[in-house]
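Notes for the one structure printed next.
What follows is calculated from the coordinates using simple rules that are stated; it is not laboratory data. All values reported here derive from a predicted model rather than from experimental measurement. For neighbour counting, all protein chains shown are included, and Cβ atoms are generated from backbone atoms with ideal geometry for every residue, glycine included.
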Amino acid sequence: MKQVRHGIWRGALVVTGLLVGMSQALGQAYPVKSIRMIVTSAAGGVADIMTRIMSENIARSLGQAVIVENRPGAGGSPAVLFTAKSAPDGYTLVMVNVGNASIAPWVSKDLPYDPLKDLTGVAAIAEVPSIVVIPDSLPVNTLKEFIDYGRANPGVINYGSAGIATMPHLAAELFSYLTGVKMVHVPYKGAAPAGVDLGAGLIQVGLLGVGSVRAQLAARTVRVLAVAAPKRIAALPNVPTFAEAGLPSYEVTNWFGVLAPTGTPREVVVLINNHIGRAFEIPKAVQQLSDAGIVPIKESVEQFQKRIVADYNKWRDVVSNAGIKPE
């Protein structure tokens, strides 16, 4: 009987030890391991550039590695879906643009995720004005000349995008709708590959971010006709805005931000938001973004989620008015 009591006692101690160990593990401060940051596009594009700048700085402040993983293709849907299905613990995040979070439901057939139900906003990162960029070989010098050229040659202009339902796709479709220029869509697995083909003259135009064509701009194989921003940007001080170039009705704001699976603890979401905000206050990071034509923005978790919902409703109307059909 005495041995039985000792056995029960030892068993109770083991169970208690396990429970205490579990409690301590669950109570550990976030993060206790590396964080995976998914990027919806190929390496070298605007999203990749800002993700790597951000990840380097927040890894330093959080004390854990942030592993950047590019999952390009299909307008970013596979990357976003992968994140949506991941454990809601703050260790899998995704860098998205407005297309992934607010536009895709209106232009993509059978979208495998619901951005408002399956994901939650963590932090806004930056706004990236779209630019009209053409090969240097195209015989036009201004936005007006390009529009006239396109109207005179319907279906001849091929435009490159980062994929179906991405911002460059929608930006070009809206441009086509407003100007009457009929263009052919050529989707790529990210904006960087589209920039390469622009420089080679294989496509005739792209509405991309500056960062996607930095190499081509440096090599002078492409030219920029206009920038979709309220005022000229530091990276292209000599390039007119759309309003200055004669198309004031064209208003496109392409923003980037970080999402997490729905159910991620609020305290973790707020912590990441704070660290991301601090990452883009570092002078070197600000300069790196500016050089790539990227304008940092800082918002609370609540403000960012409101932005997502507002653009979700806005682009629903834009897509409907432009007559864009889901693909």
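A few remarks follow.
- Taking label points 7 Å from Cα along the Cα-to-Cβ direction, residue 151 and residue 306 give a separation of 4.1 nm.
- With the simple model of a label 7 Å out from the Cα in the direction of the Cβ, residue 327 to residue 286 spans 3.9 nm.
- The relative contact order of the chain comes to 26 percent, based on Cα pairs under 8 Å that sit 6 or more residues apart.
- Antiparallel DSSP beta bridges within the chain, percent to nearest 5: 55 percent
- Over 22 Å between alpha carbons, listed pairs 85/314; 231/298; 189/284: 85/314; 189/284
- The length gained on full extension between residue 67 and residue 114, counted as 0.36 nm times the residue separation minus their Cα-Cα distance, comes to 14.4 nm.
- Peptide ranges 282-288, 58-64, 126-132 listed from the most packed, as the mean C-beta count within 10 angstrom indicates: 126-132, 58-64, 282-288
- Cα gyration tensor category, rounded, prolate or oblate, for the chain with a/c compared to 1.5: prolate
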